[in-house]
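J.: Structure below; questions to follow.
The values are calculated or read from the model by the stated rules, or taken from the named source; none is laboratory data. Only a predicted model underlies this, so the values are computations on that prediction, with no experimental measurement involved. Here the Cβ is made from the backbone with ideal geometry for all residues, glycine too, and neighbour counts use every protein chain on show.
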Amino acid sequence: MTPSETPRRLGASRPSRWLIGSSLLDLAIASTLALLGIAMTPLAFTTVGEIFVAALVFAFVVDFIKVPVFHRVGIA
């Protein structure tokens, strides 16, 4: 089982500082490109924020479903 397939809840184990830093940098770069319209049509700040919120909600919904499914199929 890989670390991304952990049977525990989201946030049960803390990611490394490198992963946190690179994720924040990735979010900043992608948001800047989208807001300024570099290599794409510019997006409104509200649209970028809504996408970010939708991604967070999706992550928690999938996590809520993951733990019982993993337990049922014998992964946990």
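J.: Residue by residue through the stretch 43-58, note down the ones that are farther than 27 Å from Gly11 by Cα and surrounded by 12 or more Cβ atoms within 10 Å (Cβ to Cβ).
T.: Hit for the stretch 43-58 is Leu43, nothing else.
J.: Still on this structure, please answer the following. Can you find a residue that is loosely packed, with under 10 Cβ neighbours inside 10 Å and small (Gly, Ala, Ser) anywhere in the stretch 65-75?
T.: For the stretch 65-75, residues loosely packed, with under 10 Cβ neighbours inside 10 Å and small (Gly, Ala, Ser): present.
J.: A further question on this structure: What is the one condition in (1) loosely packed, with under 11 Cβ neighbours inside 10 Å; (2) modelled with pLDDT under 95 that Trp18 does not satisfy?
T.: (2)
J.: Another one. Which is over 11 Å from the mean Cα position of the chain (by Cα), at pLDDT 95 or above and more than 16 Å from Ala12 (Cα to Cα), of Gly74, Gly37?
T.: Details: Gly74 fails: at pLDDT 95 or above.
Sole residue among the options that is over 11 Å from the mean Cα position of the chain (by Cα), at pLDDT 95 or above and more than 16 Å from Ala12 (Cα to Cα): Gly37.
J.: If you don't mind, there's one more thing I want to ask. Pairs needed: first member in the stretch 11-30, within 25 Å of Phe64 (Cβ to Cβ) and without any contact (Cβ under 8 Å) to a residue 60 or more places away in the chain; second member anywhere, small (Gly, Ala, Ser) and part of a helix (DSSP H, G or I); C-beta distance under 9 Å; at least 6 residues apart or different chains.
T.: From residues that are within 25 Å of Phe64 (Cβ to Cβ) and without any contact (Cβ under 8 Å) to a residue 60 or more places away in the chain, the pairs are Pro15/Ser23.
J.: Follow-up question, since we're still on this one. Looking at the stretch 11-34, which of its residues are within 16 Å of the chain's Cα centre (by Cα), of a type in the set (Gly, Ala, Ser) and not in a loop (DSSP other than H, G, I, E, B)?
T.: Gly21, Ser22, Ser23, Ala28, Ala30, Ser31
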